[in-house]
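Quick notes on the structure that follows.
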Amino acid sequence: MSALRAWQLEKTQGGFVATVSVALDPTPRLRIVQKNAGSSGSDAIYVDGWAYSKTNAAPWQRRRFPGLPGVIASLAPISHSVPTVLPDVDVDGVAVGRVRLAGTIPPSALPPGLTQADLDKYAELIFFTCSYSKTTYLLDTCSKVYPDPQSFVMRYDLPPNTFDVPPEARNATELPPLSLPKPG
């Protein structure tokens with residue numbers, strides 16, 4: 001399997017939809033589009049050391065942003081939790097793999113009265129259950145029910161993942177540089 005060159009994640013939660021697109025060729029770039037029910041949402045594009053953004057009907061803004069490689073690395077479609085392999089399911093005559101992306105939660109972070117055993121018992125509701133291709137082993141869809149229903153869909157190496165910065169964004173007034181918070 002060749003290395004991923006582009007991927008897209010679309011997350012749905014209630015009336016909120018966020019689409020994160022990453023493309024590595026010809027130059028690394030990232031686009032995040034967010035929409036809430038009843039509003040026009042926001043759009044942000046990071047490419048060539050610049051961050052371009054707009055919210056609702058406001059004009060585009062641009063500022064220097066040198067931290068894109070680290071941001072893209074943190075968005076790679078890899079789970080840091082240990083997946084639990086579930087039985088395959090048949091979708092239109094094709095075997096599709098399934099995993100549960102779960103982890104342990106420190107006892108101090110559990111809601112009062114709940115234990116890790118409670119979380120394990122209700123894992124299918126609390127943690128993401130995902131389907132994946134048995135050929136590529138890439139995640140396809142993931143969903144969970146509690147405490148708030150969420151789902152996301154992954155797409156890989158698709159032409160829509162290659163996007164350009166609109167001319168009105170490239171020509172926007174420059175604002176002070178955007179920086180990442182310092183760790184610690």
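The values are calculated or read from the model by the stated rules, or taken from the named source; none is laboratory data. The shown structure was predicted, so the numbers you read here are calculated from the model rather than taken from an experiment. Neighbour counts are summed over all protein chains in view; Cβ atoms, including those assigned to glycine, are modelled from backbone coordinates with ideal geometry.
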### Message
Just checking, does the stretch 130-145 include any residue being modelled with pLDDT under 80, of a type outside the set (D, E) and in a helix (DSSP H, G or I)?
### Response
no
### Message
With the structure loaded, tell me whether S40 is at pLDDT below 70, out of contact with any helix residue (DSSP H, G or I) (no Cβ under 6 Å at 6 or more places or on another chain) and more than 23 Å from C142 (Cβ to Cβ) or whether it fails that test.
### Response
no
### Query
Considering only residues of the stretch 51-72 that are modelled with pLDDT of 85 or more and aromatic (F, W, Y), which is farthest from Y132 (Cα to Cα)?
W60
### Message
I want to confirm something. Restricting to the stretch 73-103 and keeping residues that are among the aliphatic types (A, V, I, L, M) and within 30 Å of R29 (Cα to Cα), which single residue is modelled with the highest pLDDT?
### Response
V99
### Query
For the stretch 16-42, how many residues are among the basic types (K, R) and more than 12 Å from T55 (Cβ to Cβ)?
2
### Query
Give me the pairs: first residue in the stretch 18-33 and of a type in the set (S, T, Y), second residue in a loop (DSSP other than H, G, I, E, B) and at pLDDT below 80, beta-carbon distance under 8 Å, and six or more apart or on different chains, which are they?
S21/F163
